[in-house]
Amino acid sequence: SAVISQKPSRDICQRGTSLTIQCQVDSQVTMMFWYRQQPGQSLTLIATANQGSEATYESGFVIDKFPISRPNLTFSTLTVSNMSPEDSSIYLCSVQGVTEAFFGQGTRLTVV
Amino acid sequence: GENVEQHPSTLSVQEGDSAVIKCTYSDSASNYFPWYKQELGKGPQLIIDIRSNVGEKKDQRIAVTLNKTAKHFSLHITETQPEDSAVYFCAATPNSGNTPLVFGKGTRLSVIA
């Protein structure tokens, strides 16, 4: 199993600012995934982060808006840049083992 | 790519009754189908999963069935309890290790005492 520590757990931010979310895993993993969960909605994949290479973004998400770092096999960050109220969501990081996927507790972001 | 449809979006049952949530998927290469429970303010928690070489799996009050031919899988909760109230998500992926999960839209289950 894997334990994922994600922080902050929640934040309220002013529009136009940026927030960096951190995700720490207790074991080395090749891939980490970042999801967004808008209010009352399902989880949508933002990007896949591999250590040593640029993240791969899904349609509708761009690096300038959601830059991702993956400096080693246990850590990743997602930045939500130039925030607007539409960015208010829960952001989750995830890793997948052989038998199941594990999620952090999520970061509940509110942009005012 | 994979597309997962989930129904119903909301479900209310009386305590003690059974609840069934159904999902369909589009990619015949998908071979791993987990179900997650998400309580308010928390991340999704795996409750049961099934792989394509198995037709049914049961864990106490929870069971999942898979029909590969029809590309659908279902979650069955028996003897529901108020603490089963949550949002449930199905997901699918062709490779549980390297390919991200594709989620259904979720089902909000309410168990009425």
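Computed from the coordinates by the stated procedures, all read-outs in this text should not be read as laboratory data. Just so we're clear, the structure is a prediction, and the values are computed from it rather than from any experiment. Positions of Cβ are generated from backbone atoms using ideal geometry, with glycine treated the same way; all protein chains shown enter the neighbour counts.
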Relative to the compact-globule estimate 2.2 N^0.38 Å (N residues), the Cα gyration radius of chain B stands at a ratio of 1.01
The FRET efficiency for residue A:18 and residue B:45, from their Cβ-Cβ distance with R0 = 35 Å and rounded to 0.05, is 0.70
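May I ask you to sort B:47, A:12 by Cβ crowding, counting other Cβ atoms within 10 Å and putting the fewest first?
Starting with the residue having the fewest Cβ neighbours, the order is A:12, B:47.
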Rounded to the angstrom and largest first, Cα extents along the principal axes for segment B:1-52 equal 37, 22, 18
Distance in nm between residue A:11 and residue A:82 label points, each 7 Å along Cα→Cβ, equals 1.8
Of A:81, A:94, A:42, the most mobile residue in a GNM of chain A (C-alpha springs, cutoff 10 Å) is A:42
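What does the structure give for A:46-54 when I average, per residue, the other chain Cβ atoms found within 10 Å of the residue Cβ? Can you show the working numbers first?
Working: counts 1, 1, 3, 0, 1, 0, 0, 0, 0.
For this peptide, the per-residue mean of nearby foreign Cβ atoms is 1.
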Rounded to two decimals, the Rg over Rh value of the protein assembly as shown from Cα coordinates and the Kirkwood Rh reads 0.98
In the protein assembly as shown the cysteines whose Cβ sits 4.7 Å or more from every other Cys Cβ are A:13
With the 8 Å Cα cutoff and a minimum separation of six or more residues, segment B:1-55 has a relative contact order in percent of 29
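How charged is the neighbourhood of residue A:9? Take every other residue with its Cβ under 11 Å from the Cβ of residue A:9, and add Lys/Arg as +1 and Asp/Glu as -1. Don't jump to the answer; show the numbers that get you there.
Working: positive: A:7, A:10, A:108, B:42; negative: A:11.
Value of the local net charge: +3.
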Under a Gaussian network model of chain A whose springs join Cα atoms within less than 10 Å, the largest fluctuation of A:58, A:86, A:100 belongs to A:100
For B:87, A:112, ascending order of other Cβ atoms within 10 Å (fewest first) is A:112, B:87
Counting other chain Cβ atoms within 10 Å of each Cβ in B:98-109 and taking the mean gives 5
Counting sequence-distant residues (5 or more places) and residues on other chains, those with an amide H built under 5 Å from that of residue B:104 are B:90, B:91
Check: C-alpha center segment A:5-51 vs C-alpha center segment A:80-112, spacing in Å is 4
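Normalised by the number of residues in chain A, what is the relative contact order in percent for Cα pairs under 8 Å and 6+ residues apart?
Result for chain A is 38 percent.
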Computed about the Cα centre, the charge dipole of chain A from +1 Lys/Arg and -1 Asp/Glu charges at the Cβ has a magnitude in debye, to the nearest 20, of 220
The relative contact order of chain B, taking Cα pairs under 8 Å that sit 6 or more residues apart, comes to a percentage of 37
